[in-house]
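The values are calculated or read from the model by the stated rules, or taken from the named source; none is laboratory data. Since this is a predicted model, take the numbers as computed values, not measurements. Note that we place each Cβ from the backbone using ideal geometry, even for glycine, and neighbour counts take in every protein chain shown. Side chains included, ligands, DNA and RNA excluded: accessible areas come from the protein's heavy atoms. Shrake-Rupley method; radii C 1.70, N 1.55, O 1.52, S 1.80 Å.
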Amino acid sequence: MRRRTLLAGATAAAGLTALSTALPSPRPALAGDVGDRVVPRVLARPGGPGGLVRPGMRFDMVAVTGRPGETDTAVRFETADGLGGWRPVHLHSEGRDDRGQVAGALVRAPEGATGYEVRSGGEAAAVNLRDGEGLRLGGPEQAWLPSRSSDVPRGLAPLPFRTRAGWGADESWRFDDEGTDLWEAEFHPAQALTVHHTAIPTGDDHAADVRAVYYLHAVRQAWGDIGYHLLIDPDGVVYEGRHSGGDGVPVFSGLPLPGRARPVTAGHAYGFNQGNIGVCLLGDFTDELPTRAAQDSLVDVLRVLCAVTGVDPAERIDYVNPATGVVTPGEALSRHRDWLATECPGNAFAEVFDSAVRRRVVSGLA
């Protein structure tokens with residue numbers, strides 16, 4: 001019997017039973033779970049064409065967009081000590097499958113920066129994550145994936161995740177001035193799972209880091225939403241990504257069934273988004289590895305996703321693009337670089353991905 005059949009049977013069914021309890025039902029109350037919360041809105045000021053830009057406000061990051069394949073993009077910052085040296089910018093090639101491919105990145109500014117300059121043919125904007133007017137949010141701050149249950153299969157523990165309201169998503173970004181959804185949800189059967197990194201050092205407020213990625217994708221790149229399904233910070237906290245509906249189940253169109261789970265289409269792997277679940281680690285893993293907490297959380301998340309979808313993390317697949325019918329061989333559990341020409345999820349992490357992630361996910365589902 002093939003491993004996929006096994007996953008679609010007992011293990012996946014147990015995962016489905018566990019996830020079914022993640023729907024709104026009695027569960028222990030979580031501190032700060034319900035009620036109004038206030039987070040600062042993201043402030044942003046686009047820069048002009050070329051040269052030194054002084055935004056006239058405090059800024060935490062610079063959002064850079066450019067052409068896919070660009071390798072010479074760099075940024076430098078002005079502080080009280082003058083202009084610093086050029087720092088390379090690693091542009092991610094991503095995008096919605098219904099639009100052209102784009103490339104973008106976030107660069108963290110040094111404390112006290114008063115200006116910046118970008119070397120490339122792209123565009124940039126200064127981003128302030130701290131000083132915007134308060135955005136009031138209500139509803140559940142946390143939920144479980146899956147809920148605590150005696151039916152959870154071997155090694156699978158319930159995982160808390162921060163909802164979109166919990167990390168401060170400005171839902172107005174998902175709509176135009178007439179209230180039309182800028183990225184209407186579509187769903188396709190799950191075929192693959194793909195791992196990413198944000199390629200920026202994290203700050204002290206990881207929810208703010210998620211809001212920055214949301215701004216880059218939803219506003220600067222005009223997608224209308226964040227391009228990942230789930231994100232994980234260095235402490236191992238999981239964040240809900242792309243909006244998938246109001247049923248309390250992230251990622252999917254309602255309760256997923258093994259072999260028939262339907263994730264919402266996101267924008268993390270251009271040309272391979274449909275049926276492909278994107279999980280992104282916050283941080284830059286070009287020269288260093290994710291924290292142990294982040295790696296452990298990633299493994300747990302991937303195990304749960306494999307259990308409820310029937311995706312076999314050890315299997316090679318023929319990915320079929322539902323829109324075009326094009327078939328592409330690949331790994332069911334992949335790195336971003338396995339689909340597209342990119343350094344994501346970072347050279348250091350990519351080198352140890354099989355031993356640090358894939359084998360652990362597989363062994364946990366054996």
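Brief remarks follow.
- When region 259-269 is filtered for residues that are of a type in the set (S, T, Y) and surrounded by fewer than 22 Cβ atoms within 10 Å (Cβ to Cβ), nothing remains.
- Each residue in region 312-328 was checked for being open to solvent by less than 10 Å² (accessible area, probe 1.4 Å), in contact with a strand residue (DSSP E or B) (Cβ under 6 Å, 6 or more places away or on another chain) and farther than 27 Å from T71 by Cβ, and 1 of them qualify.
- One residue alone among G95, G104 is crowded, with 20+ Cβ neighbours inside 10 Å and either at positive phi or modelled with pLDDT of 95 or more (or both), and that residue is G95.
- Qualifying position, being under 18 Å from G227 (Cβ atoms) and in contact with a helix residue (DSSP H, G or I) (Cβ under 9 Å, 6 or more places away or on another chain), among C344, C306: C344
- Any hit, region 349-362, residues being in contact with a helix residue (DSSP H, G or I) (Cβ under 8 Å, 6 or more places away or on another chain) and not aliphatic (A, V, I, L, M): yes
- Annotation: of all residues in region 270-286 being in a loop (DSSP other than H, G, I, E, B) and either touching a Leu at 6+ places or on another chain (Cβ under 9 Å) or assigned by the TED database to the domain that holds G100 (or both), the one that is surrounded by the fewest Cβ atoms within 10 Å (Cβ to Cβ) is G271.
- Candidates in region 329-365 are the residues that are in a loop (DSSP other than H, G, I, E, B) and under 16 Å from V299 (Cα atoms); of these, the one that is most open to solvent (accessible area, probe 1.4 Å) is V352.
- A search for C-beta distances below 6 Å between a residue of region 212-223 that is closer than 15 Å to T202 by Cα and any residue that is modelled with pLDDT of 95 or more and surrounded by fewer than 24 Cβ atoms within 10 Å (Cβ to Cβ), counting only pairs 6+ apart in sequence or on different chains, returns A212/L106.
Listed here are the residues, each with its yes/no results for (1) within 28 Å of A323 (Cβ to Cβ); (2) modelled with pLDDT under 95; (3) surrounded by fewer than 22 Cβ atoms within 10 Å (Cβ to Cβ); (4) out of contact with any Lys or Arg (no Cβ under 9 Å at 6 or more places or on another chain).
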site: E184; (1), (2), (3), (4): yes, no, yes, yes
site: A208; (1), (2), (3), (4): no, no, yes, no
site: I232; (1), (2), (3), (4): no, no, no, yes
site: D235; (1), (2), (3), (4): no, no, yes, yes
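- Beta carbons closer than 6 Å, at least 6 apart along the sequence or on distinct chains, pair a first residue in region 61-78 that is closer than 11 Å to A124 by Cα and touching a residue at least 40 places away in the same chain (Cβ under 8 Å) with a second that is of a type in the set (V, I, T) and outside any strand (DSSP E or B) for V64/V89; G66/T73; V75/V89.
- Residue within region 220-238 that is assigned by the TED database to the domain that holds T328, among the polar types (S, T, N, Q) and within 13 Å of the chain's Cα centre (by Cα) present: no
- The residue of region 57-89 that is least open to solvent (accessible area, probe 1.4 Å), among those that are polar (S, T, N, Q) and either under 28 Å from G100 (Cα atoms) or not assigned by the TED database to the domain that holds A103 (or both), is T73.
- Breaking point among (1) in contact with a Lys or Arg (Cβ under 9 Å, 6 or more places away or on another chain); (2) of a type outside the set (S, T, N, Q); (3) modelled with pLDDT of 95 or more, for A80: (1)
- Pairs are defined by a Cβ separation below 6 Å, a sequence spacing of at least 6 or placement on different chains, a first member in region 36-52 that is in the same structural domain as V64 (by the TED database) and under 26 Å from R76 (Cα atoms), and a second member that is loosely packed, with under 12 Cβ neighbours inside 10 Å and not hydroxyl-bearing (S, T, Y); the pairs so defined are R41/E133.
- Criterion applied to P256, P201, P290, P250 was being modelled with pLDDT under 95 and crowded, with 24+ Cβ neighbours inside 10 Å, and the one residue passing it is P256.
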